[in-house]
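Written below as structure tokens is the structure these notes are about.
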Ligand code: GLV
Ligand code: MN
Ligand code: MN
Ligand code: MN
């Protein structure tokens, strides 16, 4: 046992479960719904109020607070040196209706680690920073993970600022309002170096629960691509227009969708995931033939070549569709698979093994993330990895999202150990 490991163990054992659960519940009040869900889409008034809550919480723990051009919030517990810090955290935004844990858990657990280090009187060599990334979800402004991707590549922000939400508010305008509200917070310079990054998150899938494991060592993130398909036909009378004289945008969209689903069934062995999640129909009237149909495609797989084949099929299906209208396909998000470095996985495995053993739980499981996360972009920037805790029923992006309190505790304990080891180097 080195001195660093002893400190890491002490930090792990100093996590205060009651404080952790209370802090999760307190953040869930912002956008909290009667059904237990949370509606806190990025940069909405309720998101801004939740950010103020986090700033006050971090300041009460003695943290220095910074905000950058993309309104990412950083809470810093100084170390004994000026070496690049160890970063943890996740995102504060939710889906239109999400749960209280997706994103929030990683931020709150990071702040709990800081509180535990304060309690234990531990000073680390490197500073530890907790981040709350802006717009990870991508539901209001697409793509997702805007804050983290702009951190590692600030040039992206120019294009992001022009993205509009469904009410035609630009991401740039929403950002400026958020930055104005946080005018008492120091501005963080771009591209500040980081030593390493660890993101703690709920699994949002069924793997850990099925295995009975309390903790997961995440070895990477599967590949993801998002497309926007727009079918432009001609709106016309539903009762009078003969079937063979129509330019029906819905017929085209449904035809393409059927080909995609059929292909997904053929590729089932690859565990590909296909979601056609958002549809807009114009004019959306019961007795008018749809003139325009726009829909989104979210496709994911650990094997990027499966997504290449999907994309070929998509282009063939849209080019060959036999009708008088036209179809455009635009890819607005694409990431290759992410692989976290072995040295980070080894350390996280050690942290998870100790926490699990102390709680009398099975050994941690290794798994690949089905969801994308901010860690995906941080992995381009510094050694990065993730820790997962189980999700009840594998449910997430839903108000029913839940994790057992004892599992939330395990995750925070594993995080504390990992951060202190990293910050001691
Ligand atoms: C992020 O929430 C994702 O869709 O994986
Ligand atoms: Mn998330
Ligand atoms: Mn999410
Ligand atoms: Mn996510």
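Each value in this text was obtained by applying a stated rule to the coordinates, not by laboratory testing. The model shown is predicted, which means the values in this text are computed figures rather than measured ones. Cβ atoms come from the backbone with ideal geometry, glycine included; neighbour counts cover every protein chain shown.
Structure data summary
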item	result
Mean Cα-pair separation over length for the range 237-309, i.e. relative contact order, pairs under 8 Å, 6 or more apart, %	36 percent
Peptides 96-103, 417-424, 151-158, 228-235 ordered by average Cβ neighbours within 10 Å, highest first	417-424, 96-103, 228-235, 151-158
Convex hull volume per residue for the range 223-335, taking Cα atoms only, in Å³	90 Å³
Taking 223, 285 and counting other C-beta atoms within 10 Å, the order from fewest to most	285, 223
All-pairs alpha carbon distance profile, the range 99-204, 5 Å steps from 0, percent	2, 9, 16, 20, 20, 17, 8, 4, 2, 1
Ranked list, fewest to most other Cβ atoms within 10 Å of each Cβ, for 297, 348	297, 348
Global geometry of the range 1-94, whether rounded, prolate or oblate, following the gyration tensor of its Cα atoms and the 1.5 cut on a/c	oblate
Share of alpha-carbon pairs per 10 Å distance bin for the chain, given as whole %	5, 21, 30, 24, 12, 6, 2, 0, 0
254, 113 arranged by Cβ crowding within 10 Å, fewest neighbours leading	254, 113
The chain, helix-only ellipticity at 222 nm - DSSP H runs n ≥ 4, -39,500 (n - 2.57), divided by all residues, nearest 500	-12000 deg cm²/dmol
Cα gyration tensor of the range 247-294 - equivalent ellipsoid semi-axes, whole Å, descending	27, 11, 6
